[in-house]
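Presented below is the structure to which this report refers.
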Amino acid sequence: MTGYGKSESQLRGRKLICEVRSLNSKSMDISARLAPQLRARELDLRTVLTQRLERGKVDLAIYFQEEQTITAPAAINWPAAKEYARQYSECFGQDAPAEVMASILRMPDVIKVQDDNSDLSDDEWKAVLKAVNQALDAFVAFRTQEGAALQAMFTEKLDSIEQLLTQVEPFEKGRVAKIKERLEQNLAQLSAETQAQIDRNRLEQEMIYYLEKLDITEEKVRLTNHIKYFRETMAGDGSGVGKKLGFIAQEMGREINTLGSKSNQSEMQIIVVKMKDILEQIKEQVLNVL
């Protein structure tokens with residue numbers, strides 16, 4: 001949901017800058033910093049952003065950039081200038097000469113800068129809307145480019161998890177045999193009298209139940225299906241894709257955690273830790289998806 005867009009245009013003889021920035025947020029949160037001429041139009045501008053953007057912490061800034069070659073309109077306050085000239089005549093008994101009049105024009109309140117904060121005309125408002133939409137177009141293009149990069153990153157991370165999942169299989173096949181061997185060795189250490197009292201049928205049933213609880217076939221199948229669904233959702237269109245990807249990533253995390261709890265070999269646990277690390281990277285970036 002992060003993004004940036006900017007546009008520049010001319011209005012009232014000055015450069016008008018429009019900038020739109022966005023950070024991650026679960027809802028639409030708009031902050032507007034506007035030139036004085038646009039404050040009365042803030043509600044209209046918020047409506048435009050809400051229609052174009054779905055959610056995010058959005059910062060809208062519209063301001064004028066003064067140029068050195070352009071000066072603000074000004075007017076002479078003649079009453080103030082005449083009053084300064086009258087005081088000069090009273091003091092020196094003569095009319096103020098040209099050089100004195102030039103100095104009078106630099107006195108306080110003689111030159112007034114005309115107020116440029118008047119309301120916008122319809123044509124000027126249309127020009128502002130055009131600038132805002134141009135900035136939003138650039139903003140959406142930025143997000144589209146970022147989305148393509150995120151999709152490539154997600155694909156790479158999902159491929160890595162699938163590769164790690166295939167690395168579990170060799171340890172899984174030998175794991176059951178090792179567990180049986182260890183249990184038989186422990187039974188062999190019992191006394192002959194104790195072994196004679198053991199119900200072999202019940203023992204076999206308990207061993208089967210124990211080994212079934214350690215079986216990770218279901219977790220592998222579910223994790224594979226979650227990865228497939230993540231890819232399908234990522235390639236789809238529409239709103240709310242980011243939230244859905246977040247839910248799928250949570251389900252992937254549950255299956256990986258179960259794999260870790262059932263794995264009683266250090267090699268398998270190392271693989272599970274690598275999966276968790278990759279999944280956390282996915283979860284962090286999912287927040288950037290709308």
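Only residues that are at pLDDT 85 or above and either touching a His at 6+ places or on another chain (Cβ under 6 Å) or assigned to a loop (DSSP other than H, G, I, E, B) (or both) were counted across region 84-100, and they come to 0.
Scoring Asp277 on the criteria (1) over 30 Å from Val140 (Cβ atoms); (2) surrounded by 15 or more Cβ atoms within 10 Å (Cβ to Cβ); (3) within 25 Å of the chain's Cα centre (by Cα) leaves a single failure, condition (2).
Residue-wise test of (1) modelled with pLDDT of 90 or more; (2) assigned to a helix (DSSP H, G or I); (3) touching a strand residue (DSSP E or B) at 6+ places or on another chain (Cβ under 7 Å).
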| position | (1), (2), (3) |
| --- | --- |
| Lys173 | no, yes, no |
| Leu190 | no, no, no |
| Leu203 | no, yes, no |
| Glu218 | no, yes, no |
| Arg254 | yes, yes, no |
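Here are some conditions: (1) touching a strand residue (DSSP E or B) at 6+ places or on another chain (Cβ under 8 Å); (2) closer than 18 Å to Gln134 by Cβ; (3) without any contact (Cβ under 8 Å) to a residue 12 or more places away in the chain. Asp44 meets all but one. Which one does it not meet? Here Asp44 clears every test but (1).
From Leu245, Leu259, which residue is crowded, with 18+ Cβ neighbours inside 10 Å and either touching a Cys at 6+ places or on another chain (Cβ under 6 Å) or closer than 17 Å to Arg55 by Cβ (or both)? Step through it out loud before you land on a result.
Working: Leu259 fails: either touching a Cys at 6+ places or on another chain (Cβ under 6 Å) or closer than 17 Å to Arg55 by Cβ (or both).
Step by step, each of Leu245, Leu259 is checked, and only Leu245 is crowded, with 18+ Cβ neighbours inside 10 Å and either touching a Cys at 6+ places or on another chain (Cβ under 6 Å) or closer than 17 Å to Arg55 by Cβ (or both).
Filter region 1-16 down to the residues that are without any contact (Cβ under 8 Å) to a residue 60 or more places away in the chain, closer than 18 Å to Gln134 by Cα and either not in a strand (DSSP E or B) or not charged (D, E, K, R) (or both) and list them by number. Residue satisfying the conditions is Gln10 alone.
How many residues does region 262-274 contain that are surrounded by fewer than 18 Cβ atoms within 10 Å (Cβ to Cβ) and more than 16 Å from Lys157 (Cβ to Cβ)? First the steps, then the outcome.
Pass one, region 262-274, residues surrounded by fewer than 18 Cβ atoms within 10 Å (Cβ to Cβ): 262, 264-267, 269-270, 273-274.
Checking which are more than 16 Å from Lys157 (Cβ to Cβ) leaves us with 262, 264-267, 269-270.
Adding up the residues that qualify gives 7.
Residue count for region 46-72 satisfying the condition of being at pLDDT below 80 and touching an Asp or Glu at 6+ places or on another chain (Cβ under 7 Å): 1. Summed over region 17-42, residues that are among the charged types (D, E, K, R), surrounded by fewer than 15 Cβ atoms within 10 Å (Cβ to Cβ) and assigned to a strand (DSSP E or B) total 2. The listed residues are Gly242, Gly238, Gly246, and the only one of them that is under 30 Å from Gln145 (Cα atoms), of a type in the set (Gly, Ala, Ser), modelled with pLDDT under 90 and assigned to a helix (DSSP H, G or I) turns out to be Gly242.
Taking region 175-187 as the region of interest, how many residues are in contact with a helix residue (DSSP H, G or I) (Cβ under 9 Å, 6 or more places away or on another chain) and modelled with pLDDT of 75 or more?
Filtering region 175-187 down to residues in contact with a helix residue (DSSP H, G or I) (Cβ under 9 Å, 6 or more places away or on another chain) leaves 175-176, 179-180, 183, 187.
Add one more test, that the residue is modelled with pLDDT of 75 or more, and what stays is none.
The number of residues fulfilling the criteria is 0.
The values are calculated or read from the model by the stated rules, or taken from the named source; none is laboratory data. Nothing here was measured: the structure is a model prediction, and the numbers come from that model. Positions of Cβ are generated from backbone atoms using ideal geometry, with glycine treated the same way; all protein chains shown enter the neighbour counts.
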